[in-house]
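Structure first, then comments.
The values are calculated or read from the model by the stated rules, or taken from the named source; none is laboratory data. Predicted model only: the values in this text are computed from it and were never measured. Cβ placement follows ideal geometry from the backbone for every residue including glycine, while neighbour counts extend to all protein chains displayed. Please note that ligands, DNA and RNA were not included when accessible areas were found on the heavy atoms of the full protein model with its side chains. Shrake-Rupley method; radii C 1.70, N 1.55, O 1.52, S 1.80 Å.
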Amino acid sequence: MTDLKAIKEIGWKLDNSYRHLPKSFFTNQNPTPVRLPKLIIFNHTLAASLGLNTEGLQSQEGVAILAGNQVPDGALPLAQAYAGHQFGHFTMLGDGRAVLIGEQITPSGERFDIQLKGSGRTPYSRGGDGRATLGPMLREYIISEAMYALGIATTRSLAVVTTGETVIRETYLPGAILTRVAESHLRVGTFQYVAKWGTIEELKILANYTLKHHFPDAQKDDNRYLSLLKEVIKRQADLIAKWQMVGFIHGVMNTDNMTISGETIDYGPCAFMDTYDPATVFSSIDRQGRYAYDNQPHIAGWDLARLAEALLPLLHDEPEQALKLAQDELSDFTKLYHRNWLMGMRAKLGIFNEELQDESLINDLLEMMQKYHADYTNTFRTLTYDTPKDTDLFKSTDFAKWYQMWQARLSRQQESETASHHLMRSSNPSVIPRNHQVEAALEAAVKQEDYSVMEKLLEVLSTPYAHSSNQTQYTAPPAPSTCSYQTFCGT
């Protein structure tokens, strides 16, 4: 029997501002109850920051909420409608297996969406069962929390529960539900949906809502909707640069997977690059390399152009002038991204100031890394400690020449060698979620119900810049293999 008092004491303080938007933007949708929910992993720190009682949320009543069997007080669950360009093709979409239960107001007054992913069918399921399996939900938990620790804007994971039910994919797999936390789930595809099937007045309502919740300072600007586009461009330029600097490959940068808030979202076929190769693709469905590592900045610009298209009616009454305003802002994305990337790469090499030759120095290193099949993360980790290993890259005459130029470059800045070392330590992670280690953790969890491997991995990934001795075993790249690593969309 449900203890309503216990549910209230968990600390939910939910608002439902999305419900104030036009009814066509969403569908009322309760989660579908599951047979036997069981808490698998729980994010204590995140729960506390949200103002939730961690003990209460792990109780029977709390797990019932995380599983969708019980709706917390104040929640008005819904599924959001949106559209998107998927691999360049426009289509109607929506939350096909997720339900937004509400927006938690934290003790500091911040607002975060609480969404259950894998919570059952919705009107947007398009023939799907609305469920998720344990492996992909644990994968999203691991990667999203690792991204957060790396200092990269991301949705976060509060918990994963198993459902006590099986889900049919290629085989029978254990079902699971992830509780996802985000500033919001507004996407480029949300604006595309309203621009395509809504009215200009509804588009204005959505834009005003976005400005209020994400960019309040821009509400007073002369052209607030142009400022909205400008702010999203800024956030995405920062986000993609940070992806590139740690070798993260999203895998499916469709417009419905690009948030207005600038958070990384939807960890399906994502992975981190081991050996440096700009053409790296992990996703099994990206056969043309549309979302390859080196193509991510270009695709981000393409996606932002789709946002600009959706906003055109709001930018200016004259279509030609609206187009020019949008194009001027879009042209800034490449410059902003490049500036962010260059600044970040300088930091990875311990460089504080700017010189014209810096980009050549950086690109020369990357070209050598590709030529000698060097590990991306470990190369910068080795440079941080100035302890070249016995590898093809570090043994080469190419590297010896480059190293002299690098040292000469460092000598031309005022900052000390110690300061440069500290900058590199804080810019080059010692550990990333190595694909083979993530797979080992998932295999132990799904096949053996052994969650200790995952828990140890999460502990190490929580402090990627610590450079501590307990991280050493997690820095090893995978063993050589004739098979390329592949990822799959979590379903």
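Test Thr264 against the criterion of being of a type in the set (Ser, Thr, Tyr), closer than 19 Å to Asn435 by Cα and open to solvent by less than 10 Å² (accessible area, probe 1.4 Å), and give yes or no. Walk me through it before giving the result.
On the way: of a type in the set (Ser, Thr, Tyr): yes; closer than 19 Å to Asn435 by Cα: yes; open to solvent by less than 10 Å² (accessible area, probe 1.4 Å): yes.
Here the answer is yes, as Thr264 does meet what is asked.
For residues in the range 404-434 being of a type in the set (A, V, I, L, M, F, W, C) and assigned to a helix (DSSP H, G or I), which is most open to solvent (accessible area, probe 1.4 Å)? Don't jump to the end; show me each part of the working.
Filtering the range 404-434 for residues of a type in the set (A, V, I, L, M, F, W, C) gives 405-406, 408, 410, 419, 423-424, 431-432.
Adding the requirement that they be assigned to a helix (DSSP H, G or I) leaves 405-406, 408, 410, 419, 423-424.
Numbers: Met405: 98, Trp406: 5, Ala408: 40, Leu410: 32, Ala419: 31, Leu423: 36, Met424: 7 Å².
Ranking the qualifying residues of the range 404-434, first place goes to Met405.
With the structure loaded, tell me whether Leu39 is surrounded by 17 or more Cβ atoms within 10 Å (Cβ to Cβ), under 24 Å from the mean Cα position of the chain (by Cα) and among the hydrophobic types (A, V, I, L, M, F, W, C) or whether it fails that test. For Leu39, the condition - surrounded by 17 or more Cβ atoms within 10 Å (Cβ to Cβ), under 24 Å from the mean Cα position of the chain (by Cα) and among the hydrophobic types (A, V, I, L, M, F, W, C) - is met. As a summary of the residue check, Tyr18 satisfies the conditions (1) surrounded by 16 or more Cβ atoms within 10 Å (Cβ to Cβ); (2) in a loop (DSSP other than H, G, I, E, B) except for the one numbered (2). Taking the criterion of being open to solvent by 10 Å² or more (accessible area, probe 1.4 Å), closer than 17 Å to Leu461 by Cβ and assigned to a strand (DSSP E or B), the residues of the range 138-167 that qualify are Thr154, Arg156.
Could you list, in sequence order, the residues of the range 298-352 that are open to solvent by 40 Å² or more (accessible area, probe 1.4 Å), closer than 30 Å to Arg412 by Cβ and in a loop (DSSP other than H, G, I, E, B)? Matches in the range 298-352: Phe352 only. Ala445 passes every criterion in (1) out of contact with any strand residue (DSSP E or B) (no Cβ under 8 Å at 6 or more places or on another chain); (2) in contact (Cβ under 8 Å) with a residue 40 or more places away in the chain; (3) surrounded by 13 or more Cβ atoms within 10 Å (Cβ to Cβ); (4) farther than 22 Å from Gly247 by Cβ apart from (1).
Of all the criteria given as (1) among the aromatic types (Phe, Trp, Tyr); (2) open to solvent by 50 Å² or more (accessible area, probe 1.4 Å); (3) within 20 Å of Thr27 (Cα to Cα), the one not satisfied by Tyr209 is (2). Close contacts from the range 257-277, counting a first residue that is within 26 Å of Thr475 (Cα to Cα) and small (Gly, Ala, Ser) and a second that is in a strand (DSSP E or B) and open to solvent by less than 20 Å² (accessible area, probe 1.4 Å), with Cβ to Cβ under 7 Å and a gap of 6+ residues or different chains, come to Ala271/Ile249; Ala271/Thr487.
Only one of His213, His185 is in a loop (DSSP other than H, G, I, E, B) and within 21 Å of the chain's Cα centre (by Cα); which? Step through it out loud before you land on a result.
Numbers: His213 fails: in a loop (DSSP other than H, G, I, E, B).
None of the others qualify; the one that does is His185.
For the range 66-84, the set of residues classified as in contact with a Ser or Thr (Cβ under 9 Å, 6 or more places away or on another chain) and either within 30 Å of Met258 (Cβ to Cβ) or surrounded by 23 or more Cβ atoms within 10 Å (Cβ to Cβ) (or both) consists of Leu66, Ala67, Gly68, Pro77, Leu78, Ala79, Gln80, Ala81, Tyr82, Ala83, Gly84, listed by residue number. Take the conditions (1) open to solvent by less than 40 Å² (accessible area, probe 1.4 Å); (2) not in a helix (DSSP H, G or I); Met454 misses just one of them, which is (2).
Within the range 363-380, restricting attention to residues that are buried (at least 19 other Cβ atoms within 10 Å of the Cβ) and over 23 Å from the mean Cα position of the chain (by Cα), the residue that is farthest from Leu461 (Cα to Cα) is Met368.
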